[in-house]
1. Kindly evaluate Ile150 against the criterion of being open to solvent by less than 20 Å² (accessible area, probe 1.4 Å), among the β-branched types (Val, Ile, Thr) and more than 16 Å from the ligand (Cβ to nearest atom).
2. Select, from Thr206, Thr214, the only residue that is in a helix (DSSP H, G or I), of a type outside the set (A, V, I, L, M, F, W, C) and open to solvent by less than 10 Å² (accessible area, probe 1.4 Å).
3. Do any residues in the stretch 342-353 that are more than 16 Å from Leu118 (Cα to Cα) and of a type outside the set (A, V, I, L, M, F, W, C) have Cβ atoms under 6 Å from those of residues that are crowded, with 17+ Cβ neighbours inside 10 Å and at pLDDT 95 or above, where the two are at least six apart or on different chains, and which pairs are they?
4. Give Phe254, Phe221 a once-over and let me know the one that is surrounded by fewer than 21 Cβ atoms within 10 Å (Cβ to Cβ) and either within 16 Å of the ligand (Cβ to nearest atom) or assigned by TED's automatic domain parsing to the domain that holds Val156 (or both).
5. Could you please find all residues in the stretch 80-104 being assigned to a helix (DSSP H, G or I), aliphatic (A, V, I, L, M) and open to solvent by 30 Å² or more (accessible area, probe 1.4 Å)?
6. So Thr131 passes all but one of these: (1) among the polar types (S, T, N, Q); (2) more than 21 Å from the chain's Cα centre (by Cα); (3) under 25 Å from Ile26 (Cβ atoms). Which condition number does it fail?
7. Please give the number of the condition Asn199 fails out of (1) crowded, with 19+ Cβ neighbours inside 10 Å; (2) on the phi < 0 side of the Ramachandran plot.
8. Looking at (1) touching a strand residue (DSSP E or B) at 6+ places or on another chain (Cβ under 7 Å); (2) open to solvent by 10 Å² or more (accessible area, probe 1.4 Å); (3) within 16 Å of the ligand (Cβ to nearest atom), find the lone condition where Ala20 falls short.
Amino acid sequence: MKITRITLYRYDIPLKAPIAISLGTIEHARNMLVQIDTDEGLTGWGEGSPFWMIVGETQASGLAAGGDMARLLLGRDPVDIGGCVDALVRYLPGHPTTRSSFDMALYDLAAKQANLPLYAYLGGAKRPLVTDETIYINTPERMAEDAVRIYEQGAVAIKIKLGTNAKDDIDRLYAIEKALAATYPERSYYNVPYRLDANQGWSHVTASEVLYQTRFIDHQFQYCEQPVRRAEIHHLAKLKAEGNVPIMADESLFDAQDALRLVREGAVDYFNIKLSKSGGIWEALKINTIGETAGIPCMIGCMSESRLALTANAHFASARPNVVFCDLDACFEHALDPVEGGIQYRNHYHIDLPDAPGIGATVEPEFLKQCEKVIIA
Ligand code: MG
């Protein structure tokens, strides 16, 4: 099989409302889609959601870099995923989100040629997957309302974005707990843990203070993601040693080299793998293997992808039992869903994978017609 044509799409999806995290606010999912066509009539699809504040890529830089990446892949065999990914990395280090959209389309093609759903192509089985739902930074009152709504919808875990300052963040946590306690005095919500995410927003002193204070809230805090800046591995290790809340690396973990360093320094309890940081499934598999070998369970996370990339993420998670947490809720914030096929959310949070070969998801042709595109052939 040979790659004959690659089409890049500007893939914009409006949000229901702006989303705020400690790094900033986004008002639109400005994603990119990659369509890879082959001489055997098979087509692969991949999506990247460049979250510039984390990965340093924008939709515009991704589409520009993507044109060069596409030219490198023309004429290659897409089943040679390792060879293709290596060519992209050698030519243009960085740009992990853009690379991940190509990597995803290659896996889609390889699994389609093998006539297997992607999870089976990756050597795994279909497992029950359940996502959490995220509460974004807002007033304590508004975040508390969101927590009650999410619990009522049957969530298994509530992810809470923090990372502003100690007082406001502690107020937010107390407001959430108080609202749930007032609504459910029998404490039925105790089996739905909180997952904190500061997105690098705290100093290690602030992180220590907030995570110490959470001990006085009588509720399980499953972990805290990325309390401090990306480079501060030693502070992650210190917070882990304090032992108030298990620590998860997100922005400190892009690729397998980062994973090795985090293991060597005993810095974290958990890894948050995102295809948009790792450059795709090829590298994500390495990260998970390092985590599994070191006794570090992983989460699969997302940026602001549509159900197309979220489906690829879910296949990866299903195929690797060391992925124990799913944070695949990006499309909950999208005002429209142009994806055909793909994962379905049963009872809001339970993820059902498709059985079709490959990723099993495409974007509606009608929606694609109005997306700006570039064809490389
Ligand atoms: Mg995070």
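The values are calculated or read from the model by the stated rules, or taken from the named source; none is laboratory data. Note that the structure is predicted; figures quoted are calculated from it, not measured. Positions of Cβ are backbone-derived with ideal geometry, glycine not excepted, and every protein chain shown enters the neighbour counts. Calculation scope for accessible area: heavy atoms of the full protein, side chains included, ligands and nucleic acids excluded. Shrake-Rupley method; radii C 1.70, N 1.55, O 1.52, S 1.80 Å.
1. On the way: open to solvent by less than 20 Å² (accessible area, probe 1.4 Å): yes; among the β-branched types (Val, Ile, Thr): yes; more than 16 Å from the ligand (Cβ to nearest atom): yes.
Criteria met by Ile150.
2. Values: Thr206 fails: open to solvent by less than 10 Å² (accessible area, probe 1.4 Å).
One residue alone meets the criteria, Thr214.
3. As it stands, the answer is Tyr349/Val130; Tyr349/Thr131; Tyr349/Ala155; His350/Val130, since those pairs meet every condition given.
4. On the way: Phe254 fails: surrounded by fewer than 21 Cβ atoms within 10 Å (Cβ to Cβ).
Result: Phe221 is the single residue among Phe254, Phe221 that is surrounded by fewer than 21 Cβ atoms within 10 Å (Cβ to Cβ) and either within 16 Å of the ligand (Cβ to nearest atom) or assigned by TED's automatic domain parsing to the domain that holds Val156 (or both).
5. Taking the stretch 80-104 and keeping what is assigned to a helix (DSSP H, G or I), we get 81-91, 96-104.
Among the residues that remain, those that are also aliphatic (A, V, I, L, M) are: 81, 85, 87-89, 104.
Selection gives Val89 alone.
6. (2)
7. (2)
8. Only one criterion is unmet by Ala20, namely (1).
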